[in-house]
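S.K.: Attaching a single structure in structure tokens format; questions to follow.
The values are calculated or read from the model by the stated rules, or taken from the named source; none is laboratory data. Predicted model, so just to flag it, every value in this text is computed and none were measured. Reconstructed Cβ throughout: ideal geometry from the backbone, glycine too, with neighbour counts over all protein chains shown. Please note that ligands, DNA and RNA were not included when accessible areas were found on the heavy atoms of the full protein model with its side chains. Shrake-Rupley method; radii C 1.70, N 1.55, O 1.52, S 1.80 Å.
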Amino acid sequence: MSERITSVLNEERRFPPPERFREQARIGTWAEYQERYRRSLEEPDAFWGEVASELHWFEPWREVRRWNEPFVEWFVGGTTNLAYNALDRHVEAGRGNKVAYFFEGEPGDRRVLTYKDMLRETSRFANVLKAQGVEKGDRVAIYLPMIPEAVVAMLACARIGATHSVVFGGFSAQALGDRIADAEAKAVVTADGGFRRGAVLPLKPAVDEAIARTGDVVKTVIVVRRAENDVAMEPGRDVWYHEAARHASDVCPAEPLDAEHPSFILYTSGSTGTPKGVLHTTGGYQTYTYLTARTVFDLQENDVFWCTADVGWITGHSYVAYGPMLNGATQVMYEGAPTHPTPDRMWGMVERYGVNVFYTAPTAIRAFMKLGDEHPAKHDLSSLRLLGTVGEPINPEAWMWFRRVIGGDRCPIVDTWWQTETGGIMLTTLPGVHDAKPGAAGVPFFGVEPAIVDVEGNEVPDDEGGYLVMKRPWPSMLRTVYGDDDRYRNQYWSEIPHVYFAGDGARKDADGYHWIMGRVDDVVNVSGHRLGTMEIESALVAHEAVAEAAVVGRPDEVKGQGIVAFVTLEGARQGDDALREALRAHVASQIGGIAKPDAIHFAEALPKTRSGKIMRRLLRSVASGEDLTGDVSTLEDRTVVDKLLQGS
Ligand code: WTA
């Protein structure tokens with residue numbers, strides 16, 4: 001927290017919304033944005049009350065907002081149901097035959113699911129959960145490939161008031177087990193396996209291993225048949241979904257739930273060793289994701305929307321499962337690798353489904369850019385009218401490529417900044433209102449009051465770097481860290497008093513645009529995935545050969561950041577390539593493939609301050625091959641660094 005934040009990006013280009021886009025946009029003038037933004041801050045209760053009224057409530061709320069720092073409640077006393085709002089509401093309004101999802105599996109299998117289909121499938125799934133003993137308030141872990149059943153399972157939980165905890169299918173058995181144990185999940189929903197890069201990725205064995213580590217917390221495992229790989233079924237605990245569903249009714253009334261009923265837990269990395277269970281609730285979350293999806297993506301009745309995120313991440317929760325469905329939107333969902341079987345897979349799908357709005361991650365854009373312009377050039381992408389990015393800062397070069405090659409120089413791009421904790425988009429441009437600047441994440445959304453401050457919490461002048469904070473609560477704000485209010489308070493509301501601390505460095509320019517400079521805590525962002533360096537360090541030191549480990553990020557052309565580990569070994573152990581590979585595999589088994597270090601440096605010792613703190617700044621410089629220009633006066637033993645440099 002003491003290092004000074006300086007911004008080096010100097011980008012002057014700006015792209016106004018095209019006239020044709022502006023004319024049909026949901027919000028098409030600066031004056032309208034400003035008036036609504038002003039009202040959202042000056043009369044928040046009226047503003048959010050009106051938005052929430054567009055959704056269905058069984059019982060109206062008595063109070064829009066109750067703020068008792070750092071705890072907030074929204075729509076106090078109201079009862080509602082996320083699944084009812086995402087499904088029944090549309091079917092009742094006569095939109096039952098509208099397509100909810102065009103799904104493609106990696107092998108090429110296709111399914112089309114309407115809102116009526118989704119309601120029926122969700123109700124059936126909810127009845128299976130109930131028959132397996134899952135009740136309102138229970139936690140259900142969901143560990144599935146990106147198939148429609150993933151969204152169905154989430155909505156089924158929401159329908160009966162069970163709290164879901166989706167765990168990304170790429171996480172290891174150990175990571176899954178930790179999450180099951182922390183949330184005390186009574187049930188796990190999984191699949192035999194999924195398809196990835198032409199192979200079957202088995203999921204069920206990881207579930208078995210995870211459960212073996214967690215004692216008798218899990219009472220039931222519901223297994224969706226997807227890849228038809230062989231799996232072992234434990235009698236009395238495991239059930240095939242397709243068999244259980246045969247006896248289940250496809251009618252299940254949505255449970256009226258308190259607006260503050262916990263809808264889901266999603267684990268994310270922080271600056272300490274264990275992931276945090278970010279807890280979201282119901283009424284505020286649905287109101288905010290509904291409005292942001294509608295406004296930021298300018299969703300029109302006949303649009304086809306494609307957000308490429310997996311449901312294992314917050315983007316898949318808010319802008320695949322919930323936000324678009326709350327708006328009755330038509331979406332594309334894809335199971336597999338973006339380049340399988342050919343590098344133009346995604347662009348073929350954009351053409352096939354006539355995708356209008358396409359939302360993806362900078363890391364994917366950089367990977368596509370590397371593959372070459374000839375792949376998108378094979379397809380007619382003229383249906384696209386709006387593009388979006390999320391997950392990490394986008395470099396202007398990739399932004400310009402996205403605009404030109406994918407957007408045909410005609411589509412606005414929204415660069416949306418937000419977090420697992422914020423539940424929905426916080427900083428963005430509105431596509432029909434604001435000029436876009438390549439690399440900048442725009443202005444605050446309605447009801448959002450950001451500031452850039454120094455360590456003491458004083459606002460810094462425009463164009464100066466500082467910490468990004470939020471000065472007031474918003475409807476989809478996390479409510480706490482599951483089971484750990486102290487951690488919630490310390491992590492988000494103590495670092496700088498009386499504001500929400502996001503953990504990012506940023507600067508605001510004279511037009512009020514935010515330029516995000518990356519995390520200021522010990523978190524690396526690999527391909528848009530947040531990983532705590534401490535988590536990877538704990539995984540490394542859990543290996544018998546490792547005495548001590550320090551993990552840092554280094555710039556990576558495609559992934560944004562790569563992971564570099566500095567490792568000291570036990571006793572007389574010698575490091576070699578075989579051990580490097582063993583350690584990488586070990587990290588993959590402890591956390592997941594995404595956490596594998598790109599490079600491992602064996603070191604005799606790690607650079608430390610006299611008080612014993614590892615000097616990560618130095619390690620970052622060594623890892624990225626930079627000169628050690630910064631202050632090294634606090635270093636305890638300078639020779640340690642010299643040896644590291646020789647070895648790197
Ligand atoms: C980073 C993902 C720059 C940021 C929705 C944040 C971004 C972390 C952007 C949250 C963006 C997200 N520009 N950086 N548009 N969007 N980030 O929880 O560092 O997986 O704190 O949520 O990603 O990651 P998370």
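S.K.: With (1) polar (S, T, N, Q); (2) touching a residue at least 60 places away in the same chain (Cβ under 8 Å); (3) under 30 Å from D138 (Cα atoms) as the list, and N490 as the residue in question, which single condition is left unmet?
M.R.: (2)
S.K.: Which condition number in (1) more than 17 Å from G312 (Cα to Cα); (2) open to solvent by 60 Å² or more (accessible area, probe 1.4 Å) is the one that D178 fails?
M.R.: Among (1) more than 17 Å from G312 (Cα to Cα); (2) open to solvent by 60 Å² or more (accessible area, probe 1.4 Å), D178 violates only (1).
S.K.: Follow-up question, since we're still on this one. Just the residues that are open to solvent by less than 10 Å² (accessible area, probe 1.4 Å) and farther than 25 Å from Y488 by Cβ, please, taken from the stretch 408-428.
M.R.: Result: C411, I413, V414, T428.
S.K.: Follow-up. Scan the stretch 434-464 for residues that are assigned to a loop (DSSP other than H, G, I, E, B) and either within 13 Å of the ligand (Cβ to nearest atom) or open to solvent by less than 20 Å² (accessible area, probe 1.4 Å) (or both) and jot them down.
M.R.: H434, K437, P438, G439, A440, A441, G442, F445, F446, G447, V448
S.K.: Mind counting the residues in the stretch 349-391 that are open to solvent by 20 Å² or more (accessible area, probe 1.4 Å) and either in a loop (DSSP other than H, G, I, E, B) or not assigned by TED's automatic domain parsing to the domain that holds A337 (or both)?
M.R.: Result for the stretch 349-391: 11.
S.K.: What number of residues in the stretch 481-528 are in a strand (DSSP E or B), more than 13 Å from P393 (Cβ to Cβ) and open to solvent by 20 Å² or more (accessible area, probe 1.4 Å)?
M.R.: Number satisfying all stated conditions: 1.
S.K.: Would you mind telling me which numbered condition in (1) surrounded by fewer than 18 Cβ atoms within 10 Å (Cβ to Cβ); (2) in contact (Cβ under 8 Å) with a residue 40 or more places away in the chain A582 fails?
M.R.: Condition (2) is where A582 drops out.
S.K.: Would you pick out the residues in the stretch 503-515 that are within 9 Å of the ligand (Cβ to nearest atom) and either modelled with pLDDT of 95 or more or not assigned by TED's automatic domain parsing to the domain that holds I394 (or both)?
M.R.: Correct list: H514 only.
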